[in-house]
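*Asks:* There's a structure below that I have some questions on.
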Amino acid sequence: MSPGMMVKGEWKTERQQQDESGRFIRAQTTFRNWITADGSSGFKAEAGRYHLYIAWACPWAHRTAILRSLKGLENAISISVVDPYMGEMGWMFTEGPGRIPDTVNGTKYLHDIYALADPNYTGRASTPVLWDKREGTIVNNESREIIRMLDTEFGEFAQNDVDLYPEGLREEIDSTIDAIYEPINNGVYRAGFATRQAAYDEAVTELFEALDYWEEVLSRQRYLCGDRLTEADVCMFTTLLRFDPVYHYHFKCNLWRIRDYPNLWGYTRDIYQHPGVAETCHLDHIKEHYYTSHEGINPTRIVPKGPIIDFDEPHDRERLSG
């Protein structure tokens, strides 16, 4: 839960993110420009022009880090990583393990980036942020669109021949990302940030019904859309990675753990072990962020030692590939 938001370019402490029924309401992203390979959108894909602001802890930002790594775009798109702790001033840049300061704009807080892009901006200062160094503005802060751009528009600069949005699967990939968003990706937050019992019960029920459904699907095929890794799997993975260490306990998503689902657990390990993924998974940042930043949920801010999880355990998912 964000501790504040920007109001006409000024940072304000504002915690309310629930409706009158206690349901968590996620704020909409507002910067929705597009980078294209040919530059027809006004933002041309170029090496060295764009910069990603992310939090290793944030599942939405983690998606973009995974795409950057899988495609081999590290040399083309630079990166800054905020501190895992989100304090009264929101995401901030500090020194320490896993953190990378703002080398582009020299800011202290992520909300400063939003103010640079729009001095009258009103809204949340969330990650990820895709910044245009040339124009000095935010191109996009919607994770689903950023991963699509990294996947499809930067091929000229990609070091790896990876396509996570293949022609024949595009409709299925889009519908799958839609299907997992509300009950799973956002569902864990709907449960964790609910302030009334009925809102929590609704979210948790929908979450585990969806997990049950995909557990059955993954008993028959290796990935969400068949035999190959796609953007849909990246979107699912960043939630599943955080589930047992954080969402199960901290957000009370505790009917089952992911490790209690044979296929979902094997699937999670399969993706984690895919070249380029593990190095983007910073469980220390993930646990520190959730357990220390959400004072209303964990007032002691004690970060648990466990659970002990072996994401490198063999998964045997290759047997499901066609």
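The values are calculated or read from the model by the stated rules, or taken from the named source; none is laboratory data. Source: prediction; values computed, not measured. All Cβ positions, glycine included, derive from the backbone under ideal geometry; neighbour counts span all protein chains shown.
*Asks:* Looking at residue 215, is it surrounded by fewer than 20 Cβ atoms within 10 Å (Cβ to Cβ) and either modelled with pLDDT of 95 or more or farther than 19 Å from residue 176 by Cα (or both)?
*Replies:* Details: surrounded by fewer than 20 Cβ atoms within 10 Å (Cβ to Cβ): yes; either modelled with pLDDT of 95 or more or farther than 19 Å from residue 176 by Cα (or both): yes.
In short, yes.
*Asks:* Can you tell me which residue is farthest from residue 278 (Cα to Cα) among those in the range 49-80 that are part of a strand (DSSP E or B) and touching a residue at least 60 places away in the same chain (Cβ under 8 Å)? So that I can check it myself, show each step before the final result.
*Replies:* Within the range 49-80, the subset part of a strand (DSSP E or B) is 50-54, 77-80.
Applying the additional criterion that residues be touching a residue at least 60 places away in the same chain (Cβ under 8 Å) yields 50-54, 77.
Working: 50: 24, 51: 21, 52: 19, 53: 19, 54: 16, 77: 19 Å.
Filtering the range 49-80 for residues that are part of a strand (DSSP E or B) and touching a residue at least 60 places away in the same chain (Cβ under 8 Å), the one farthest from residue 278 (Cα to Cα) comes out as 50.
*Asks:* Let me ask something else. Does the range 157-175 contain at least one residue that is under 15 Å from residue 67 (Cβ atoms), within 16 Å of the chain's Cα centre (by Cα) and polar (S, T, N, Q)?
*Replies:* First, the residues of the range 157-175 that are under 15 Å from residue 67 (Cβ atoms): 157-166, 173.
Cutting the leftovers down to within 16 Å of the chain's Cα centre (by Cα) gives us none.
Within the range 157-175, none of the residues are under 15 Å from residue 67 (Cβ atoms), within 16 Å of the chain's Cα centre (by Cα) and polar (S, T, N, Q).
*Asks:* Do we find that residue 94 is surrounded by fewer than 19 Cβ atoms within 10 Å (Cβ to Cβ), touching a strand residue (DSSP E or B) at 6+ places or on another chain (Cβ under 8 Å) and more than 22 Å from residue 237 (Cα to Cα) in this structure?
*Replies:* On the way: surrounded by fewer than 19 Cβ atoms within 10 Å (Cβ to Cβ): yes; touching a strand residue (DSSP E or B) at 6+ places or on another chain (Cβ under 8 Å): no; more than 22 Å from residue 237 (Cα to Cα): yes.
No.
*Asks:* Considering 68, 23, 49, which residue is within 11 Å of residue 128 (Cβ to Cβ), of a type in the set (D, E, K, R) and either assigned by TED's automatic domain parsing to the domain that holds residue 279 or crowded, with 16+ Cβ neighbours inside 10 Å (or both)?
*Replies:* The match here is 68.
*Asks:* Looking only at the range 75-91, decide whether some residue is of a type in the set (Asp, Glu) and over 19 Å from residue 3 (Cβ atoms).
*Replies:* From the range 75-91, those of a type in the set (Asp, Glu) are 83, 88; that's our starting set.
Among the residues that remain, those that are also over 19 Å from residue 3 (Cβ atoms) are: none.
No; the residues of the range 75-91 include none that is of a type in the set (Asp, Glu) and over 19 Å from residue 3 (Cβ atoms).
*Asks:* While we're looking at this one, here's another question. Within the range 275-307, can you find the residues that are within 13 Å of residue 241 (Cα to Cα) and not charged (D, E, K, R)?
*Replies:* Answer for the range 275-307, where residues must be within 13 Å of residue 241 (Cα to Cα) and not charged (D, E, K, R): 277, 278, 280, 281, 282, 283, 285, 286, 307.
*Asks:* Out of the residues in the range 253-303 that are of a type in the set (Asp, Glu) and modelled with pLDDT of 95 or more, state the one that is surrounded by the fewest Cβ atoms within 10 Å (Cβ to Cβ). So that I can check it myself, show each step before the final result.
*Replies:* The first filter runs over the range 253-303 and keeps only residues of a type in the set (Asp, Glu), leaving 260, 270, 279, 284, 288, 295.
If we keep only those that are modelled with pLDDT of 95 or more as well, we get 260, 270, 279, 284, 288.
Numbers: 260: 13, 270: 23, 279: 10, 284: 13, 288: 19.
Filtering first and then ranking leaves 279.
*Asks:* So which residues in the range 80-91 are hydrophobic (A, V, I, L, M, F, W, C) and surrounded by fewer than 17 Cβ atoms within 10 Å (Cβ to Cβ), if there are any at all? Full working, then the answer.
*Replies:* To start, the set of residues in the range 80-91 that are hydrophobic (A, V, I, L, M, F, W, C) comprises 81-82, 86, 89, 91.
Selection gives 89 alone.
*Asks:* Also, I was wondering about something else. Tell me whether the range 287-294 contains one or more residues that are small (Gly, Ala, Ser) and under 20 Å from residue 83 (Cβ atoms). Spell out the reasoning first.
*Replies:* First, pick out the residues of the range 287-294 that are small (Gly, Ala, Ser): 293.
In the following step, the residues that additionally are under 20 Å from residue 83 (Cβ atoms) were identified as 293.
Yes - at least one qualifying residue is present in the range 287-294.
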